[in-house]
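Beneath this line is the structure, given in structure tokens, with notes to follow.
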Amino acid sequence: MSMAEEMACLARKIVSSYEARVSSVVQIVETTQEMLETFRHEREAMRTQLRETLARAASLRKRDFDGMIQGVLTRLDAREEVIKQTLRAHLEAQQALASTLRENLSAHLQEPPASAVRTDADRVTSVEAVLGEIMTGRQEHERSVKALLVEYRGEQEQIVSAFGALLSNGHAMKVKDFKGTLKRVQAHATSFALA
């Protein structure tokens with residue numbers, strides 16, 4: 001097998017590998033969507049339980065409770081939407097990169113016209129440059145997606161923990177306790193936004 005054939009075979013394997021990676025990104029996006037939905041259900045169950053407990057134990061009107069917690073819920077809903085959009089953009093970028101990789105590798109490995117003689121070393125250098133650019137972009141995008149997900153998960157865990165602790169007080173819960181917890185959750189959410 002000639003060097004050109006070996007490189008073409010290698011290029012096909014690289015493209016195949018990258019397309020498999022795109023498939024794994026699809027699975028990650030689906031898993032993340034499920035995780036977001038689980039968080040939403042968990043949060044909604046806690047909200048309902050808090051609302052009922054405060055209405056019974058502390059005579060807090062449900063409408064007042066809804067107004068108090070609305071800021072936190074609106075923020076979380078907006079963050080979920082940002083995550084969904086970011087994941088969709090990441091998936092589309094990965095698919096575009098796979099297509100670009102396929103096209104660029106094919107173009108760089110083809111025989112040049114008779115007027116421009118390219119050596120195998122030139123082709124290898126050209127392919128390495130294309131791969132380097134693609135990998136750098138992919139890694140940067142993945143880091144930003146991971147950071148966003150880690151931040152959201154931390155924020156979600158903090159909210160669940162804070163409201164769970166409040167619910168563990170049961171019938172002894174007071175509006176003052178809820179307001180204090182809500183204030184801490186909002187301050188913590190602000191620190192996530194600034195980080």
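Looking only at segment 17-27, which residues are modelled with pLDDT under 85 and either closer than 18 Å to R153 by Cβ or among the hydrophobic types (A, V, I, L, M, F, W, C) (or both)? Within segment 17-27, A20, V22, V25 meet the criteria. Every listed requirement among (1) surrounded by fewer than 16 Cβ atoms within 10 Å (Cβ to Cβ); (2) at pLDDT 85 or above; (3) touching a Leu at 6+ places or on another chain (Cβ under 9 Å) is met by R47 save one, (1). Taking the conditions (1) in contact (Cβ under 8 Å) with a residue 60 or more places away in the chain; (2) of a type outside the set (D, E, K, R); (3) farther than 22 Å from A147 by Cβ in turn, T48 satisfies each one other than (1).
Residues of segment 6-45 that are more than 18 Å from L149 (Cβ to Cβ) and either in contact with a Pro (Cβ under 6 Å, 6 or more places away or on another chain) or among the aromatic types (F, W, Y) (or both): Y18 alone.
The values are calculated or read from the model by the stated rules, or taken from the named source; none is laboratory data. Since we're looking at a predicted model, the values are computed, not measured. Glycine also receives a Cβ, built like all others from the backbone with ideal geometry; neighbour counts cover every protein chain displayed.
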